[in-house]
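A quick write-up on the structure given underneath.
The values are calculated or read from the model by the stated rules, or taken from the named source; none is laboratory data. None of these values were measured; they are calculated from a predicted model. Quick reminder, even Gly has a Cβ in these numbers, built from the backbone with ideal geometry, and neighbours come from all protein chains shown. Ligands, DNA and RNA are stripped out before the accessible areas are found, and what is left, the full protein with its side chains, is counted by its heavy atoms. Shrake-Rupley method; radii C 1.70, N 1.55, O 1.52, S 1.80 Å.
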Amino acid sequence: VAMNEYMGQLGEIGVDALIVTDIGVLMAARRVAPDTDIHISTQAGVTNYQAAEALAALGASRVVLARELDLAAIRMLRAHVSPELEIEAFVHGSMCMAFSGRCLISQHTTGRDANHGDCVQACRYKYHVVEEKKSGNFIPVEVTDQGTFLFNSQDMNMVEHVADVIDAGVTSLKIEGRAKSAYYVAAMANAYKCAVNEYMVQRGFENAQGQELKPLIPSEEPGDKIVLPDWIGQEPYKVTHREYSTGFYYPENPTSESITKGGYINTWRWLGSVREHRLDEGRVYILAKNKITPLMPIEFLIPGAGPIEYQIPDHDLRDEFGHEVPEINHPAHEFSFPCPLPLPTGAMIRAKVR
């Protein structure tokens, strides 16, 4: 009853869609939120067109495919389902050691349920095996002297292969963002959106202003190669990540585990965000998040474009009261510094970790 009331409330406030797995919940959603789209979760494990069509017949407008499908399987599924059924597929982020994300390790070890969106990714921890009849006899699961992280899946990175995914008939690209920062989400969403824009323009579906020239219809075979600006391919390495792979999209090179380390790779740091840019003063006002020092090389991350490089001036850094300071070193406080660049509110500031 509470769930049905909740879905009804979500429908009333105008959410875009409800993501569901259970068929009973799907049918209830159609009844209590009849004007809200229904998307089928990846945890439903949709791997074939018969399952997709059956769910569409029950009222689903979109299916989020299981992450285990390759491009050929997606192409076949697209060819056998109604053109009105939208297909969503993962293109970036943490992979899961369990099929379609149906894992209980986090719940068992920490009480945080992956199936309720609260996974701590406990599969990344370092494990040993204990034989049932030899209590206390810990056996390291190892392939080197340092051991192995048996369940530690590589992250997915398909930004340079977006054309292949769209050609296969995928309607929506899904970026995994569980337990990720606002900076991570902004950087990756921007990179993939710009990659899609390049695809649409270079294939002739849109012009440079985003105006439609012809409808996007999935092709039976991959199209011409799309050339992306270098900065797009570099963006995944400027956020927190693990070793990358292309998931299961290419059978000749499937995803695997990172067997020597379980930690994150983090070579760039989010320094703050632009609160206001006063062109008449030639100053940018920011909300600081990490330390910023004079002459530090930084990048501004802005929506819809590549990063803008800049160097922090060697003087005239000021705090929220207008007093000059030697460096910016107080998170969650406002500061300003000279900057002639036209920057939008919300632009993020980052720098490479020294």
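Side notes on the structure shown:
- Residue list for segment 172-204, restricted to those being over 15 Å from the mean Cα position of the chain (by Cα) and either open to solvent by less than 40 Å² (accessible area, probe 1.4 Å) or among the aliphatic types (A, V, I, L, M) (or both): Tyr199, Met200, Val201, Gly204
- Test: residue in segment 231-238 that is at pLDDT below 85 and surrounded by 15 or more Cβ atoms within 10 Å (Cβ to Cβ): no
- Residue list for segment 155-171, filter: open to solvent by less than 20 Å² (accessible area, probe 1.4 Å), of a type in the set (Val, Ile, Thr) and in a loop (DSSP other than H, G, I, E, B): Val170
- Scope segment 1-30; condition under 17 Å from Ala57 (Cα atoms), without any contact (Cβ under 8 Å) to a residue 24 or more places away in the chain and of a type outside the set (A, V, I, L, M); matching residues: Thr21, Asp22, Gly24
- Within segment 73-84, the set of residues being over 23 Å from the mean Cα position of the chain (by Cα) and free of Cβ contacts under 8 Å to residues at least 40 places away in the same chain comprises Met76, His80, Val81, Ser82, Pro83, Glu84.
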